[in-house]
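The next block holds one structure in the form of C-alpha cells; read it before the comments.
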C-alpha cells in the first residue's frame, strides 16, 4: 500500500473513588437524575473546589505505571467554553503542568513487541449528561465532577490493530492498579482518536481527523479501519483531508463529520485561582510507587521465566489480574516441572467456558478452585478419562460445584484400559462391521478410526481410545 | 435612646447591663431605615426592611446576642435573595450559606434579611452600577458612597445598620469606608473564607467588615476569620483575639510613607488631611519615614487585566441554565447559543459587559502572553515592593483614595477615570496584604477623608493597634451625617 | 493594539454576550482606551520574573475521599428557569 496511517489516542479513564474530584458527592453510577449533586459540582455562585486526595494518588499511580515522569509541581487550569453540561461553563483541567508526562506503554502486536509513547497524563472533571428530546434537551449533573484521567498517547500507532492492542494493554495495566473500572460500555473508559495518513516513507504528519463516539474496543478498531480507508480513498480520488471532528456511527459502520461550525477553538486556559498548586516530594512519589503491584508485562515475563510458559500463553493469562493470580495458583499447585497440561486447560476449556458464560471471559467467575482443576487435569493426564470426557466433567463441575472425582464416579466415567474387558467389545464390533474390516485390510486406514469410534460408542466413551486402537491393529493384522 | 447610632460593642454592653433588648434594637433600626433609606438607598429592596425581625432562635448566651449584621448582596445567605445587584441573578436564593454567614449565625448574629446594595458583581467604585439603582452618600446625597460595597458603607454611616460585611477586590471595602466616614478592613488574602462569596476575581477577593469604629472591626473579624476546609485558598494560621490588639499605643511603630502616593492626581484637601494624620501619629510616638513602592503606577493596569480575566471566567456560569435570569424568547425557536447570548446580553449591565469582554480579550489566543501572563509577572514585582518595605516597616500609611467622594454621574461615562479611584487600594489586593481605612477628617464641604493603613500578611493586629490609637486620639469617628 | 468592531464582535462571541450595534461601537471605543492604558505594562522589564497566580505559599490542600450528603432535588431545581421533571431544561441542542 502506498499510504500508512498514523494514530494517536486520547483515553479518558474514570477514576475509582467514593466521591467526586472537587466535592463530597458520591460517584455511584445509575442513580436518579440530579440526585448526586451539591452546590459545588453544580457550579452554583460562590462555591469553591477542594481536591480529593485519592484522585491525586490514583493519578500519580497510573502515571508511574505508564513510566511517566511525575511532575514535582502540578496545578490545575480552567478550560473555558460554553456548554449546558458544563455547570460553570469552564472545566477544571490541567494545561501546562500535568501530573505525568513522557511515559510509554509496551504492547504486543503481530510480529512482536512495540513501545508506544505517552505524551501526558492529566486530571480533569467530567461534565454532566445531556438527553435530547424532540424540542428540548435535558441536563443531568450526576456525572459532573466525576474524576477523569486523560492519557494522551503520541501519534505512534500505525494500524487499528496496534490501537486495539494499546487500549487492551492500557486497560489491563490500569485494572491491575485497581484505580479505575475501565468499562467502555459504561463510559468509565472513553477513547477518542486522532487519525491521519501519509505516503509511506514520509516523516511529516498529514492533516488529522479526530474520531469520537466509539463505545467499545471493537468500535475503536472498526472506526479506525473505516476512517483510514476513507482518508486514503479521498486522497487517491484527488480530495483533501480537512481537520475536523468525526463521529463513529456503529450501526452503519461509518464516521461522519460533525459539521458544526468549526469555529477556531479558543479555550482561554489560565491557572485555576481557586486551587493552590500541588507539590509532590520524591518521598511521596516513592511511597506511592511502593503500592504499585506487579504489572501485566512484568507478570508475563515472570510466568515465562518461572513456569516455562510460552510468550503467547503468558500474554493471555496476565490480561486480567485476578485471573493471572488464579492461573499462578493453579500452576504452583500443579505437580511437576511441566506446567503445560494445566496451562492448556486454563487457556483452552476454562477460557472458552468463561467466554461463553460470562461474556467478560473471567476465569475466576467460573468458581473452580485451583485444587479442583488440578484434580480434573490429573484424571485426564492419568488417562483415566479422555480429554473430551474431561471437558464434559468441567462443564458439570461449573454447574454443580461437585468435584471431578464425584462427577466421574456418579457418571461412571472411568476409562476402560483393561485389555481383557475391552477385547470382548472389540470382537463384537469386528463381527458387526465386516465391510469396514475389509476396507481396512485393503489399506484404507480411515476405516480403523471408524472401528475405534464404534468401540467408544459401545462403551459410552469410557474405553481408552489409544488402547482400543492398539488392540484393533493387533487383531486385524 | 437612639440605639441605631450605637456600635455593636456598645449595644452588647447595654444588653449585658439589661438596659435594652434585641426587640428595641430592631425597632430602632427599622425606624431609622424608614426615615432615611429613601434618601440613601443602602438596601436593595428597602420596602422589605419592615419585615426584618428578630431571629427567634438566637441564644441569649451567644456572643452577639442576636444583634443584626447587614450583608452585601454578593455573599450567599440560604433562602435569602442574593443577586449581586444584577438582573442576571434576579430572584436567586442560594440553597446554602456562605462560611462567614454560618460563622456569624453560630456566634449568635441575626442576618439582616435585606441585602446591602453594591455595584453589579462588585464591578465599580461608586455603587452606581447596581440593577437596583445607585446608593447615595449619607454625608451628601448628591455624592456617591464609593463602591463596590457602597450599600454596606452607607448603611453603617447612616446608622441604618449596626455593622456590615462587604467584599474587597481592589478597594471595594476601604474606598467606600473612606467616602462614608466609617472603618473598613480588607483582611489578608486567605484570612477569611471565600466560600459563598460570589466570585469577582478569585485571587483578589476577600470579605471584610465595615463598622462604626475600630473595636467593632476587630470584633467582627474575630468571628469571620479562620481556616475553612471548603476554601482551598484559606490559610490554616491561628486567629488571634484581635480585640487584644486594641491598645492605645504606637510608640516605636515604624510607619512607611510611600512617596508614590502623594504625587500628581491626589486631591489637595485629601493630601493635607492625610499629612495631618501622619503628623498626629508622629506625635503619638510613631516613627514615620518616607519609603518607595516603585511599581505602584502599574498596579491599576495589572489589576484590570487579572481581575477582569478571572471575572470573565467566574461569570461564565451565568448562562440561564441553572439559576437566575433567562431571556424570555420563544422556547421552540431559540437555539442554545442564542439563549446564551440573549440571556447574557440582557442580564449583564454595561460595566459587567465591559469587564467580561476585557478579561476575555486578555486571555484570548494571541494576547495571553502580552497581557495576562505579563500582568502576573508585574504582580510579582508589586508583591516584592511590599516584601522589601515590610522588612523595616511595621505598616504603611497612605490616603485610601486620591479624592473624596465624587458626584453621582460624574465618572460613570468614563471608565478609566472611575478605575483610577482605586489607585491606592488595589496594590494591597495584588500583594494579598491586609489594609484598613479609618476616618481622618473632612473636606471643607464636609465629605469624609479616609486614612489607609497597610501591613504584612496576617499582621491585622498591627493595623488594629495603629488604627485604634489614631481613632481614640481623634474625634472623626464620632461625627454623624445629618439626614 | 487597536480594538475595532471585529475584535469586540469576536470577544463578545467567545463570551456569549449579544451586543447591540450601538453597544459594540461604544465598547470598542472604551476598550481601545483601556487597552492603551494597560499597555503601560509593556514598559516593565519582566525578564526572569516568574508569574504570580497564587499570592500565598499555600500548597497541597486536599480533602479525604469521604462522601457527604448531596442536595435534595427540590433545592437543586429551586432556582431553575426551566425545570423539567428532575432535569434542567435547555433549548434543544442540534449537533
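The values are calculated or read from the model by the stated rules, or taken from the named source; none is laboratory data. No experiment lies behind these values; they were computed from the predicted model shown. Here the Cβ positions follow ideal geometry from the backbone for every residue, glycine too, while neighbour counts run over all protein chains shown.
Annotations
- Residue among A:413, A:373 that is assigned to a helix (DSSP H, G or I) and either at pLDDT below 90 or in contact with a helix residue (DSSP H, G or I) (Cβ under 8 Å, 6 or more places away or on another chain) (or both): A:373
- Residue match in the stretch B:388-402 (condition: outside any helix (DSSP H, G or I), out of contact with any strand residue (DSSP E or B) (no Cβ under 9 Å at 6 or more places or on another chain) and within 14 Å of chain C (Cβ to nearest Cβ)): no
- Residue identified as out of contact with any strand residue (DSSP E or B) (no Cβ under 8 Å at 6 or more places or on another chain) and surrounded by 23 or more Cβ atoms within 10 Å (Cβ to Cβ) among B:160, B:78, B:106, B:120: B:120
- Any hit, the stretch A:312-320, residues being surrounded by fewer than 15 Cβ atoms within 10 Å (Cβ to Cβ) and either over 27 Å from residue A:66 (Cα atoms) or assigned by TED's automatic domain parsing to the domain that holds residue A:389 (or both): yes
- In the set B:416, B:423, B:430, only one residue is within 22 Å of residue C:55 (Cβ to Cβ) and within 9 Å of chain C (Cβ to nearest Cβ); that residue is B:430.
- Residue check for residue A:405: out of contact with any strand residue (DSSP E or B) (no Cβ under 6 Å at 6 or more places or on another chain), at negative phi and assigned by TED's automatic domain parsing to the domain that holds residue A:353: yes
- Among residues of the stretch B:327-362, those that are assigned to a loop (DSSP other than H, G, I, E, B) and at pLDDT 95 or above, counted: 2
- A count restricted to the stretch B:351-368 and to residues that are more than 8 Å from chain C (Cβ to nearest Cβ) and within 14 Å of residue C:18 (Cα to Cα) stands at 1.
- Lone qualifier among B:171, B:166, B:133 - being more than 15 Å from residue B:407 (Cβ to Cβ), in a loop (DSSP other than H, G, I, E, B) and in contact with a strand residue (DSSP E or B) (Cβ under 9 Å, 6 or more places away or on another chain): B:171
- Being assigned to a strand (DSSP E or B), modelled with pLDDT under 95 and within 22 Å of residue A:188 (Cβ to Cβ) holds for only one residue in A:118, A:92, A:107, and it is A:107.
- Take the conditions (1) within 12 Å of chain C (Cβ to nearest Cβ); (2) in contact with a strand residue (DSSP E or B) (Cβ under 6 Å, 6 or more places away or on another chain); residue A:12 misses just one of them, which is (1).
- Criterion: in a helix (DSSP H, G or I), closer than 17 Å to residue A:467 by Cβ and free of Cβ contacts under 8 Å to residues at least 24 places away in the same chain - qualifying residue of A:392, A:439, A:421: A:421
- Within the stretch B:409-430, one or more residues are within 21 Å of residue B:392 (Cβ to Cβ) and either in the same structural domain as residue B:190 (by TED's automatic domain parsing) or in contact with a helix residue (DSSP H, G or I) (Cβ under 9 Å, 6 or more places away or on another chain) (or both).
- Here residue A:95 meets each of (1) surrounded by fewer than 22 Cβ atoms within 10 Å (Cβ to Cβ); (2) at the interface with chain C (Cβ under 9 Å from one of its Cβ atoms); (3) within 30 Å of the chain's Cα centre (by Cα); (4) closer than 24 Å to residue C:53 by Cβ with one exception, condition (2).
- In the set (1) within 14 Å of chain C (Cβ to nearest Cβ); (2) in contact with a helix residue (DSSP H, G or I) (Cβ under 7 Å, 6 or more places away or on another chain), the condition left unmet by residue A:134 is number (2).
- Residue A:79 on the phi < 0 side of the Ramachandran plot, within 10 Å of chain C (Cβ to nearest Cβ) and in contact with a strand residue (DSSP E or B) (Cβ under 8 Å, 6 or more places away or on another chain): no
- Residue tally, condition under 25 Å from the mean Cα position of the chain (by Cα) and within 12 Å of chain C (Cβ to nearest Cβ), over the stretch A:55-73: 4
- Note on the stretch A:124-187: no enclosed strands (runs of 3 or more DSSP E) hold 2 or more residues that are without any contact (Cβ under 8 Å) to a residue 12 or more places away in the chain and under 23 Å from the mean Cα position of the chain (by Cα).
- A single member of B:379, B:411, B:459 is touching a residue at least 12 places away in the same chain (Cβ under 8 Å), within 30 Å of residue C:3 (Cβ to Cβ) and surrounded by fewer than 24 Cβ atoms within 10 Å (Cβ to Cβ), and it is B:411.
- Considering the stretch B:174-292, the qualifying helices (runs of 4 or more DSSP H), each wholly inside and each with 2 or more residues that are surrounded by fewer than 24 Cβ atoms within 10 Å (Cβ to Cβ), run over B:214-224, B:268-283.
- Picking from residues in the stretch A:55-88 that are assigned to a helix (DSSP H, G or I) and in contact with a helix residue (DSSP H, G or I) (Cβ under 8 Å, 6 or more places away or on another chain), the one that is surrounded by the fewest Cβ atoms within 10 Å (Cβ to Cβ) is A:57.
- Summed over the stretch C:1-50, residues that are facing another protein chain (nearest Cβ under 7 Å), outside any helix (DSSP H, G or I) and crowded, with 16+ Cβ neighbours inside 10 Å total 8.
- Residue satisfying condition, being over 30 Å from residue C:32 (Cα atoms) and touching a strand residue (DSSP E or B) at 6+ places or on another chain (Cβ under 9 Å), within set B:459, B:384: B:459
- A search for C-beta distances below 6 Å between a residue of the stretch C:73-95 that is more than 7 Å from every other protein chain (Cβ to nearest Cβ) and any residue that is in a helix (DSSP H, G or I) and buried (at least 18 other Cβ atoms within 10 Å of the Cβ), counting only pairs 6+ apart in sequence or on different chains, returns C:83/C:77.
- So residue C:70, is it within 30 Å of residue A:73 (Cβ to Cβ) and crowded, with 16+ Cβ neighbours inside 10 Å: no
- Matching option when the condition is at the interface with chain C (Cβ under 7 Å from one of its Cβ atoms), modelled with pLDDT of 95 or more and touching a helix residue (DSSP H, G or I) at 6+ places or on another chain (Cβ under 6 Å), among A:52, A:18, A:34: A:34
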